[in-house]
1. Residues that are more than 24 Å from Phe148 (Cβ to Cβ) and hydroxyl-bearing (Ser, Thr, Tyr), at least 3 per element: which helices (runs of 4 or more DSSP H) completely within segment 301-420 meet that?
2. Keeping to segment 262-271, report how many residues are surrounded by fewer than 16 Cβ atoms within 10 Å (Cβ to Cβ) and closer than 23 Å to Thr252 by Cα.
3. From the residues in segment 365-374 that are surrounded by fewer than 20 Cβ atoms within 10 Å (Cβ to Cβ) and touching a residue at least 12 places away in the same chain (Cβ under 8 Å), which one is nearest to Leu198 (Cα to Cα)?
4. Quick one: in segment 315-343, of everything that is touching a helix residue (DSSP H, G or I) at 6+ places or on another chain (Cβ under 9 Å) and surrounded by fewer than 17 Cβ atoms within 10 Å (Cβ to Cβ), which residue is nearest to Leu248 (Cα to Cα)?
5. Could you tell me whether Ile137 is in contact (Cβ under 8 Å) with a residue 40 or more places away in the chain, touching a Phe, Trp or Tyr at 6+ places or on another chain (Cβ under 6 Å) and part of a strand (DSSP E or B)?
6. Conditions: (1) acidic (Asp, Glu); (2) within 30 Å of Thr334 (Cβ to Cβ); (3) in contact (Cβ under 8 Å) with a residue 60 or more places away in the chain. Asp203 meets all but one. Number of the miss?
7. Just for segment 1-53: of the residues that are part of a loop (DSSP other than H, G, I, E, B) and at pLDDT below 95, which one is farthest from Asp410 (Cα to Cα)?
Amino acid sequence: MHTLPNVFKFFRMHETLKNTDTIRRIHEIRDEFPILREMVNGEPLVYLDSAATAQKPEVVISSIANYYRQSNSNVHRGVHSLSQTATALYEDARTTVKEFINARYAEEIIFTKGTTDSINLLAHGLGKILIDQGDEILTTEMEHHSNFVPWQALALEKKATLKIIRFDDKGEIKPSDVESMISEKTRLLAITHASNTLGSINDIKEIVNICHAKNILVVVDGAQYIPHAQIDVQDLNCDFYVFSAHKLFGPTGTGVLYGNRKLLNQLPPYQTGGGMISEVGLQSTEYASSPQVFEAGTPNIAGVVGMAVAIKYLQETGYAFIEAHEKNLLRLATEKLLQIPGLKIIGTSENKVPLISFVVKGLHPFDIGSLLDQMGIAVRTGHHCTQPIMTRYGISGTVRASFAFYNTADEVERLYQGILKALKILS
């Protein structure tokens, strides 16, 4: 089969974005997100910051309001009807998440405040049962601070060694890079599924196979990957997988820790208090089993309900459609931005989630982002909680445009024209 020249690839991709059926469907989707109808500084909002937090469809917003209107009560603690209804909604959400990521058991799903909370729970527990003085913890140079600082702190506390896997000039980590860092002292690898700054997608399945062959546990930060592609934790065979609802078109302050049931039952509780006990005596306490043992106190019930609705919304939209549309947006945006003089993309892996980080020679990212905001275009600027990446490239920060399935080719064009206008003003 002959390979099409790049210009024809671009033409075919752009025509896909212009396809009438695709345009109609995207507009139907956009109508379901109320915030996308907002005006910012007198301009229609172009929201290109979904990697920070994704917008919420009306069905998610309504589900949270309806919970408070119709079912508000505490869970697991009451015999009255409202409590029973709230408990059913909460536990049904656990089943929804279990099926969404194809976990074996519902008790492998722990509800947390988000990815950061999930990783801190793991660092606390694994620090007590797995990591001793002289052991090694592996992580990577591309991690979000949430999957870096907790392990750094644990290594200092336990007098263990934190070893850092570097990425190459494209922003890629190969499984062989991981394997070369493993020693007989390595106990754990914490790695992102996809970088929130570079966009790079790591080969988690192969990396897990390498680690498990040497009895090394693997914690995967899936916050940036799971909004864009279906995952299967049984297929990945990872020990732990964490993500946040707010990246997943759900509410903030809500997240998930998936853990292998056998491993979860070995972890000590992260917090103690109500809801996570089996029996309390004056001198000792018997704790509940997973998942309740890791969900002390009154949980974010409305958030969990909203997250389950967001997951169902994604499933109804269809990951095949989401992946195809977002890949086309990423290709189009990459082609357009590379036409801009002085612009350099940070993270050039061919296998990326739909985001682009870039710098423009001689200009500060904050200035570009501020001018784009005046045009109604929301992008992220700064180090994106990945300062080691910035150090690697010798920069202070980037402008990051991140896309979701509700974005359009017209919005890519507005970004392109907006950057050109900003450059004229700043030059």
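1. Working: elements: 301-317, 319-337, 365-374, 387-393.
Once the helices (runs of 4 or more DSSP H) in segment 301-420 are filtered for at least 3 residues that are more than 24 Å from Phe148 (Cβ to Cβ) and hydroxyl-bearing (Ser, Thr, Tyr), nothing remains.
2. Of the residues in segment 262-271, the ones surrounded by fewer than 16 Cβ atoms within 10 Å (Cβ to Cβ) are 262, 265-266, 268, 271.
Within this subset, residues satisfying the condition of being closer than 23 Å to Thr252 by Cα are 271.
Counting residues in segment 262-271 that are surrounded by fewer than 16 Cβ atoms within 10 Å (Cβ to Cβ) and closer than 23 Å to Thr252 by Cα gives 1.
3. Step one: of segment 365-374, the residues surrounded by fewer than 20 Cβ atoms within 10 Å (Cβ to Cβ) are 366-367, 370-371, 373-374.
With the extra rule that they be touching a residue at least 12 places away in the same chain (Cβ under 8 Å), the set shrinks to 366-367, 371, 373-374.
On the way: Phe366: 18, Asp367: 21, Leu371: 23, Asp373: 22, Gln374: 26 Å.
By that ranking, first place goes to Phe366.
4. Taking segment 315-343 as the starting set, the residues that turn out to be touching a helix residue (DSSP H, G or I) at 6+ places or on another chain (Cβ under 9 Å) are 315, 317, 321-322, 324-325, 327-329, 331-333, 335-337, 339-343.
Filter once more, keeping what is surrounded by fewer than 17 Cβ atoms within 10 Å (Cβ to Cβ): 315, 321, 324, 339-342.
Numbers: Gln315: 11, Phe321: 16, Ala324: 17, Gln339: 32, Ile340: 31, Pro341: 34, Gly342: 34 Å.
Out of the qualifying residues, it is Gln315.
5. Numbers: in contact (Cβ under 8 Å) with a residue 40 or more places away in the chain: yes; touching a Phe, Trp or Tyr at 6+ places or on another chain (Cβ under 6 Å): yes; part of a strand (DSSP E or B): yes.
Yes; evaluated as a whole, the condition is true for this residue.
6. Every condition holds for Asp203 apart from (3).
7. By that ranking, first place goes to Met1.
Yes/no matrix, rows are residues, columns are (1) assigned to a helix (DSSP H, G or I); (2) among the hydrophobic types (A, V, I, L, M, F, W, C); (3) surrounded by fewer than 14 Cβ atoms within 10 Å (Cβ to Cβ):
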{"site": "Lys56", "(1), (2), (3)": "no, no, no"}
{"site": "Val60", "(1), (2), (3)": "yes, yes, no"}
{"site": "Ser63", "(1), (2), (3)": "yes, no, no"}
{"site": "Gln70", "(1), (2), (3)": "yes, no, yes"}
{"site": "Val75", "(1), (2), (3)": "no, yes, no"}
{"site": "Val79", "(1), (2), (3)": "no, yes, yes"}
{"site": "Leu82", "(1), (2), (3)": "yes, yes, yes"}
{"site": "Ala88", "(1), (2), (3)": "yes, yes, yes"}
{"site": "Ala93", "(1), (2), (3)": "yes, yes, no"}
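The values are calculated or read from the model by the stated rules, or taken from the named source; none is laboratory data. Values in this document were obtained by computation on a predicted structure and should not be read as measured data. Every residue, glycine as well, gets a Cβ built from its backbone with ideal geometry; the counts of neighbours run over all protein chains shown.
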